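**Q** Input: one structure, supplied below.
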Amino acid sequence: MPLTNGEDHPDTLLLVEDSDTQALRIRRMLEGHGFHVHRVASGEAALDTLDEGLPGLVIADYHLPGMNGGQLARQLRMNAVTRTIPVLILTEGIEPGLEREGLESGADAYIPKSSDPALIVFRIRALLREHAAHTPTLRPERVFRRARIMVIAPEPARQQAVPELIGQLRRDGHIVTLCHDPALLDPSVLHDPEHVPDCVVIDLACREFDGLEVCRRLDEWRQEDLLSGNVPLRILGVDGAARPDAREFAARVFEAGIDDLVSRDVGPAALALRIRVLVRRKLLQDDVRRIETERQAREIAVKSARAEAAAIASKASLAEALEQANRELADANHKLIETQAKLVQTAKMASLGELVAGIAHEINNPLAFILAHKDTVARGLDRVLGMEAACTDPAHEARETVLTKCRDRVGSMNMGLRRIQNLVLNLRKFSRLDEGLFQLIDVPEALETVMALLTQKLGSGIVVRRRYEAPERLYCQAALLNQVIMNIISNAADAILAAQPDDMSTRSGIAEGEIDIHTFLTHNGEGQDSYVFVITDSGPGIPPDVQERIFEPFFTTKPVGAGTGLGLAIAYSVVQAHHGSLSVGTAPQGGARFTISVPWNAGPGGESLPPVQSPAGAGYLARNEPPQHGGADQ
């Protein structure tokens, strides 16, 4: 059964036998036991058939023309794909040491041809059974190639050892070429995978050319070949001259790039053995490089298959992905509209802040002028009253009465001017342009500033309770206290006013109610402290269905024209910017309860703030009167 091109035949035996009579006898015996047999007449022919297909086992006669059975086994063991093929050597030879030589060459069994055919069949079946468990799953396009040797030496007629060496190398199964003139060597031969030699043997003792220079040239060429990723050829030098400077000469030879140096005195057989060692290492490296290339190719193929599968899956889910993208686009568009509205409101607030700051600055200048001149007028009135007291004019009593009244009016003016001055100062604090920056804020002072600005809305009927139990300092944006707290307290005052009976509002115009501001610290058990503001009121409260939407932009329960629906939405965004939370609920007395919680222990550089303890107290009642200190009010 001939081997077909490109297919492996694990059930076929390759018989290598030069005798037609012996081959026919062995073939009939094997086919009688159910084996398929393919016969060739030489070891070289056997190697050439391996590219057509791999047999399950090789049966070779030891005595073959050219390459013997041991050399054939050695060639098979030098290839990564064929080294697992079992080799059985059959021979009639009875020379001592022949079996040992055959087995050392790589054969798996050595049996005389005169043995019982049943024994031969048993050994073949056992070897095939072992080989079936280790058959490679992949094979390269080209399974086997014979090693190529180039010998650079003078004419054979002038050097008798060269023909013997060439004959020995060819019997080992190598392809040998002879080069008499190194000047004719072309570097392109190193880049031709079909002709590049695996080993170059150079005669260093001849006088026709400089062997060291040839070594240097070959080494330069193979360095270029090495950079391209190929396995470089091997260089072996043969020296037969007696040299007084043998050590220095050997050093120069190895510096020139040679891989091994052998004396011609060792004989062709030993020299062929040294060449065989170099070639074996070279072919093994070729196999390693080929296997690595195949592995990389398989990885690329796997990645391509995965990418193709991913592309198919992506196409299969394209409609779903497009629908998801449309939903995300709609959500993003909705958020963009909300953000634009918030930006408009923020721009309005910024413009209003700049306007208030400018007005406060303009008012502050004439106010300071009036206050200065008021003191001058007061001092003048005091001097005039002193002079009137010493006067005996009958009309002085009437003048003294008028002057006293003027002095009292100036004192009243002083109270009003001071009140205006405090209001201007609070306006300037509230509208400061650096409110977007994080800084240490005095919480009680900032809250009292908000209370001062809401004096008109709170009136005299709404009682504000303060309980400042948290530390005085908080690292935050000024907007957290200015805008968020002010919006919540303003909404609480509006809710209390709207809950009053119509007759009471008409009769007195004063709303009665309470607002409680409570600050304290909480610990979450993970080393993170939170600064908490709790604001409750005695209003009607917020229904549960409204609580779910109260922080939505443009949502308001106030009449048309009385609210924009952005106050609490902006407050919610400000608290989120502090990595905090803002929630709404119902107070114990039935009104609304807003809870603001922000991280506390983060200073300007990330350091923890010291736990400043405020004086403990139950709080205080105030009707628009600021506390006398920044702690908890008595």
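**Q** Would you check if I510 is in the same structural domain as L582 (by TED's automatic domain parsing) and either of a type in the set (F, W, Y) or modelled with pLDDT of 85 or more (or both)?
**A** When the stated conditions are applied, I510 does not pass them.
To keep it simple, each residue is scored yes or no on (1) touching a Lys or Arg at 6+ places or on another chain (Cβ under 9 Å); (2) within 27 Å of R207 (Cα to Cα).
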residue: D225; (1), (2): no, no
residue: V231; (1), (2): yes, no
residue: F249; (1), (2): yes, yes
residue: L278; (1), (2): yes, yes
residue: A301; (1), (2): no, no
residue: S317; (1), (2): no, no
residue: N326; (1), (2): no, no
residue: A332; (1), (2): no, no
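**Q** Determine whether segment 241-248 contains at least one residue that is surrounded by 10 or more Cβ atoms within 10 Å (Cβ to Cβ), in the same structural domain as V176 (by TED's automatic domain parsing), more than 47 Å from the chain's Cα centre (by Cα) and closer than 19 Å to V162 by Cα.
**A** yes
**Q** To continue, here is another question. Just to confirm my filter: which strands (runs of 3 or more DSSP E) fall fully inside segment 191-307 and include at least 2 residues that are modelled with pLDDT of 85 or more and in contact with an Asp or Glu (Cβ under 6 Å, 6 or more places away or on another chain)?
**A** 234-239
Listed here are the residues, each with its yes/no results for (1) under 16 Å from V16 (Cβ atoms); (2) in contact with a Pro (Cβ under 7 Å, 6 or more places away or on another chain); (3) modelled with pLDDT of 80 or more; (4) part of a helix (DSSP H, G or I).
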{"residue": "G106", "(1), (2), (3), (4)": "yes, no, yes, no"}
{"residue": "I111", "(1), (2), (3), (4)": "yes, no, yes, no"}
{"residue": "V121", "(1), (2), (3), (4)": "no, no, yes, yes"}
{"residue": "I124", "(1), (2), (3), (4)": "yes, no, yes, yes"}
{"residue": "H134", "(1), (2), (3), (4)": "no, no, no, no"}
{"residue": "R139", "(1), (2), (3), (4)": "no, no, no, no"}
{"residue": "M150", "(1), (2), (3), (4)": "no, yes, yes, no"}
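**Q** Would you confirm whether any residue within segment 259-277 is among the small types (G, A, S), within 57 Å of the chain's Cα centre (by Cα) and farther than 28 Å from Q75 by Cα?
**A** No: zero hits.
**Q** What's the number of the condition S460 fails, among (1) modelled with pLDDT of 85 or more; (2) not in a helix (DSSP H, G or I)?
**A** Evaluating S460 over (1) modelled with pLDDT of 85 or more; (2) not in a helix (DSSP H, G or I) leaves (1) as the failure.
**Q** Moving on to the next point. So N422 fits all but one of (1) exposed (fewer than 14 other Cβ atoms within 10 Å of the Cβ); (2) at pLDDT 70 or above; (3) closer than 25 Å to I535 by Cβ; what number is the exception?
**A** Among (1) exposed (fewer than 14 other Cβ atoms within 10 Å of the Cβ); (2) at pLDDT 70 or above; (3) closer than 25 Å to I535 by Cβ, the lone unmet condition for N422 is (2).
**Q** Enumerate the pairs (first residue in segment 169-194 and over 30 Å from N68 (Cα atoms); second residue anywhere and surrounded by 13 or more Cβ atoms within 10 Å (Cβ to Cβ) and of a type in the set (D, E, K, R)) with beta-carbon separation below 7 Å, excluding pairs fewer than 6 apart on the same chain, so at least 6 apart or on different chains.
**A** Between residues of segment 169-194 that are over 30 Å from N68 (Cα atoms) and residues that are surrounded by 13 or more Cβ atoms within 10 Å (Cβ to Cβ) and of a type in the set (D, E, K, R), the close pairs are L190/R222; L190/D225; H191/D225.
**Q** Find the residue count for segment 52-80, including only residues that are surrounded by fewer than 20 Cβ atoms within 10 Å (Cβ to Cβ) and of a type in the set (K, R).
**A** The total comes to 1.
Residue by residue, here is whether (1) within 56 Å of the chain's Cα centre (by Cα); (2) part of a loop (DSSP other than H, G, I, E, B); (3) over 22 Å from L273 (Cβ atoms) holds:
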{"position": "R25", "(1), (2), (3)": "no, no, yes"}
{"position": "D48", "(1), (2), (3)": "yes, no, yes"}
{"position": "L57", "(1), (2), (3)": "yes, no, yes"}
{"position": "Q75", "(1), (2), (3)": "yes, no, no"}
{"position": "I85", "(1), (2), (3)": "yes, yes, yes"}
{"position": "I89", "(1), (2), (3)": "no, no, no"}
{"position": "R100", "(1), (2), (3)": "no, no, no"}
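**Q** Quick one: what pairs do we get from segment 258-283, first residue at negative phi, second in a strand (DSSP E or B) and surrounded by fewer than 19 Cβ atoms within 10 Å (Cβ to Cβ), C-beta under 7 Å, 6+ apart or different chains?
**A** Going by the 7 Å Cβ cut-off, the qualifying pairs are L271/V262; R274/D260; R274/V262; L278/D260.
The values are calculated or read from the model by the stated rules, or taken from the named source; none is laboratory data. As the structure is a computational prediction, the values presented were derived from the model and not from experiment. Note that each Cβ is placed from the backbone with ideal geometry, even for glycine, and that neighbours are counted across all protein chains shown.
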